[in-house]
Amino acid sequence: MARLAKSHLPEFSVEVYQNEFLPEGGREVNAVVTVTATGGGTTGGMPLTAVGTADGGRPDAAVVLMVDCSGSMDYPSEKMRAARQATAAAIDTVRDGVSFAVVAGTHVAREIYPGNGGLAVADQFTRRDAKESLRRLTAGGGTAISSWLRLTDQLLHSQDVAIRHGILLTDGRNEHEKPATLLDTLGDLSGRFTCDCRGVGTDWEVEELTRISSAFLGSVDIVADPSGLEADFRSMMETAMGKEVADVGLRLWTPQNAEVVFLKQVAPTVEDLTARRTEAAPRTGDYPTGSWGDESRDYHLCVRVPSASVGDEMLAARVSLVLGQPDGGVSVLAQGLVRAVWTDDTAASTRINPQVAHYTGQAELAQMIKQGLEDRKAGNLDSATAKLGRAVQLANASGNENTAKLLAKVVDVVDAARGTVRIRPGVTEADEMTLETRSTKTVRVKK
Amino acid sequence: MPQLTACPICAEPCEPDDHYCGGCGVELAALAGNAPPHGSAARRAGPPGGGRGPVPSSAVRTVPAPPGARGTGPAAPGAADPRGTAGVRRSPAPAPRGHPDRTCVSCHTGGIDNDGYCENCGHAQPRERDHMERELEGVAGVSDRGLRHHRNEDAFQVSATILPSGAPAVAAVVCDGVSSATRPDEASAAAAEAATDALLDALESGADPQRAMHDALLTAAEAVAALSDGPSRDYNAPACTCVSAVAAPDAVTVGWIGDSRAYWIPDDRVDPRRLTEDDSWAARMVSAGLMSAADAYADERAHAITGWLGADAVEIDPHTLSFRPEGPGVVVVCTDGLWNYAESAVELAAAVPPDARTDPLRSARHLVGIALDGGGHDNVTVAVLPFPPAAGRGTEPAAPRP
Ligand SMILES: [Zn+2]
Ligand SMILES: [Zn+2]
């Protein structure tokens, strides 16, 4: 079990945004729940010595870097070179005392550093040795990502630490194992560590890598140009070093005979957690949220409750952030209440909460991009035009400028407000994959 | 099997086989943890339609008592006349009355969580403010959540004091939180308390009652404005109405802002009067001669108020009035939760029980009951002040009655 870095646990707070009023017979309750963790170490670029430390003052974290060394990494050869440089930069960012390892991934997984079946503890000497060993990162062989993940899991669990994190870099498809093997691996390992994924070039599959990052509650992104890898790896490692607490669960209580329609993380990215529920107690389920540093995330909850009389009030959901304890119980870090109040005041019951409306739009935006790009690939241009047009309209209306810019590289925008677009010929694969990978990135409500 | 000897809500004595309270109508069986498995608690014993499904009972089982100073809770059983008791001039806050079982009044299955919701079905449990009754000798008030609102945003205070002349005086303050504002329940509670304190201080120091009333309303408005946590232009700042009445041996004085009202109901029921003039859209239309009263009050804008207490009030303009009744009677002060069901003074006079002056609590309960029987579409609060004030003449001390 993960241990707590007790004295450095961030403080969690929960805010609930909703219109609690339902009309007579109304059953569906929507709320946006903002969870914020503060008091951790990633503030203002200050030294992070206090962060994630075990009782001895040593950082209580472990990181494993998985670097794709399949044959394709040599075409062009600068890809392998960039991967080595990026890995070296990431190693430089590992804080003193953090346990780490480097794994080379092909159709098998190979320990590159430290190579003794365990982890090294970062200091100036181990970091230097690790960087030197990167010379042994050479291209040749296939791609079987399950083997990389299983070795990483072994290494991360060779020490008793609070935070376990992986970083996975690949340039191609998971060609040398059956898709079912990868799915089984994700099922076995999800929840045992968190993992960020990066695809370099354009020969990898967005859906495949997204499935991996989702399973491990990490980020996914494209690094179309290998020269961008170094900066990206450094920032990914800095984020990982900022994590304070792992295995935080979102615990949801709902009333008897209620149904959780969905629970999605909606900021900073859209991540549907509905199917990831594990029952914790009667009417109570836990959803994984991974590890937290100083950060804030939004969740959109939709619950269908039994109807009640006008004038009645019901607790539609209690949202708690919980952390497992060594004795098998949990401690509640923060909680918020989602209410339902039945009224005959139609002005009250028809009002839509701005946060709920905003994130409903952001989720639709991600979906329109995904479906629009699928339609485009399948040659259904009319449908693709309509969906990408709707996406442009939503991105524009919600102020999601980054997504709007990515969309404008894939379609010609005629009228953003109306969502009128034309499919653009000759779109580069990199632009299309960038849009696809980043389609789930959201912006918060304009205040 | 637990047996109740008195209603936990209103202290009305009851017999072991009573199913509903004769005072407030709550389902006693549910309170005693003795509800039939499929029975739905009725809020009131009354004609069909007057009750509703899952309902409240005693909030004191789940909610801790408020700070004593606030005193918006139901009167403790047999609250005695506090006059003469050093430092006490208002009806005391109730002691928390625990209940042996903390089982949901809606599903009769779940326990109650710390936030006052059922752990099984999620239904909010009754709160202290859902039904409040307070009585001092010679003045009483009753407030109820009604049947269509999820909380009671009305608040009231009743009080009794001795003027410097040695004469007795009683006062009542009734406030109605503006639902579209934030925290209307806090606004009404703050206004009722601030107005009462200011009024009693002024009266006890010999101030002219009309002046005292005017200043008390300004003080209450400040208290409500202080609840706003934004700049004063905060559109949704907490807000409420306020109506107040003082009955002294020589005069009745009323003061108000908003559309809560005061009526004069003489013992002989001849020529009852409405004493207040609403700060409302409808009243403005009528007084400006632009619409007939019937048309104005039928308009959906009728209840839009043009005066209120709150940080976003355009101006605070207290209205006051003093008069000397020719004979005995009662002053009824109330929120629109009542007068929507008995608008004119004549209608209201017909609804006030004949013994209102000697039993103001029963009258207040009865008038609240009329609003609930009529549909209880809003929170309803009623206070009844006998004139001349009791002064120990002929009025029984407040006590449980059969
Ligand atoms: Zn009762
Ligand atoms: Zn229940």
- Message: Treating only the Cα positions of region A:99-163 as identical point scatterers, give the base-10 log of I(q)/I(0) from the Debye formula at each q in 0.13, 0.14, 0.20 Å⁻¹.
- Response: -0.36, -0.41, -0.80
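Could you work out, residue by residue across B:120-129, how many beta carbons of other chains sit within 10 Å of that residue's beta carbon, and then give the average as an integer? Please list the in-between numbers first.
Values: counts 5, 10, 20, 8, 8, 1, 0, 1, 0, 0.
Mean shielding count: 5.
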- Note on the structure: Length gained, A:Asp160-A:Asp382, 0.36 nm per residue minus C-alpha separation, equals 74.4 nm
- Query: Please report, for the Cα atoms of chain A, the Rg to one decimal and the Dmax as a whole number; what are they, in angstrom?
  - Reply: 22.9, 72
- GNM on chain A, Cα springs under 10 Å; top mean-square fluctuation among A:Asp96, A:Asp327, A:Asp232 goes to A:Asp327
- Once A:Ser296 and A:Glu238 are pulled to full extension, the length gained, defined as 0.36 nm per residue separation minus their Cα-Cα distance, is 19.2 nm
- Distance violations [Cα-Cα > 27 Å] among A:Lys131/A:Lys178; A:Lys264/A:Lys370; A:Lys387/A:Lys409: A:Lys131/A:Lys178
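What percent antiparallel are the DSSP beta bridges of region A:47-241, to the nearest 5?
25
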- Using r as the Cβ-Cβ distance of A:Arg150 and A:Thr274, and R0 as 35 Å, what FRET efficiency do you calculate, to the nearest 0.05? 0.80
- Query: Ordered by packing density, taken as the mean number of other Cβ atoms within 10 Å over each peptide's residues, highest first, how do A:416-426, B:138-148 rank?
  - Reply: B:138-148, A:416-426
- Once you average over the residues of A:311-322, how many Cβ atoms of partner chains fall within 10 Å of each Cβ? 5
- So in chain A, what percent of DSSP beta bridges are antiparallel if you round to the nearest 5? 70
- Can you check what the net charge comes to around A:Asn400, using other residues whose Cβ is under 12 Å from the Cβ of A:Asn400 (Lys, Arg +1; Asp, Glu -1)? +3
- At a Förster radius of 51 Å, what calculated FRET efficiency corresponds to the Cβ-Cβ distance of B:Arg324 and A:Thr350, to the nearest 0.05? 0.50
- Put a dot 7 Å past each Cα toward the Cβ at B:Ser165 and A:Glu374; how far apart are the dots in nm? 8.6
- Item | Cβ crowding within 10 Å averaged over residues, with B:371-384, A:261-274 ranked highest first | B:371-384, A:261-274
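Which length gain, in nm to one decimal place, applies between B:Asp250 and B:Asp229 when the Cα-Cα distance is subtracted from 0.36 nm times their residue separation?
Numbers: separation 21, 0.36 × 21 = 7.56 nm, distance 4.24 nm.
The B:Asp250-B:Asp229 span can extend by a further 3.3 nm.
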- Item | Residue order, fewest to most surrounding Cβ atoms within 10 angstrom, among B:Asp268, B:Asp336 | B:Asp268, B:Asp336
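Given Cα pairs under 8 Å that are at least 6 residues apart, what percent is the relative contact order of region A:88-239? Could you put the intermediate results ahead of the total?
Values: 242 pairs, mean separation 33.2, N = 152.
Answer for region A:88-239 is 22 percent.
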- Per 10 Å bin, what is the whole-percent P(r) computed from every C-alpha pair distance within region A:354-437? 20, 58, 20, 2
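If you take the beta carbon distance between B:Cys107 and B:Ser179 as r and set R0 to 35 Å, what does 1/(1 + (r/R0)^6) give as a FRET efficiency, to the nearest 0.05? Please list the in-between numbers first.
Values: r = 28 Å, r/R0 = 0.80.
According to the calculation, E is roughly 0.80.
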- With labels modelled as points extended 7 Å from the Cα through the Cβ direction, what inter-label distance (nm, one decimal) is found for A:Thr38 paired with A:Glu429? 4.7
- Message: Given points 7 Å out from each Cα along the Cα-Cβ axis, report the A:Ser227 to A:Ala334 separation in nanometres with one decimal.
- Response: 4.2
- Taking B:His108, B:His214, B:His149 and counting other beta carbon atoms within 10 angstrom, the fewest-first order is B:His214, B:His108, B:His149
- Query: Based on the Kirkwood radius over alpha-carbon pairs, what is the Stokes-Einstein translational diffusion coefficient of region A:47-241 at 25 °C with 0.890 mPa s viscosity, in µm²/s?
  - Reply: 151
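Values in this text are rule-based calculations from the coordinates and carry no lab data. Given the structure is predicted, the values throughout are model-derived calculations rather than measurements. We place every Cβ from the backbone using ideal geometry, glycine too, and count neighbours over all the protein chains shown.
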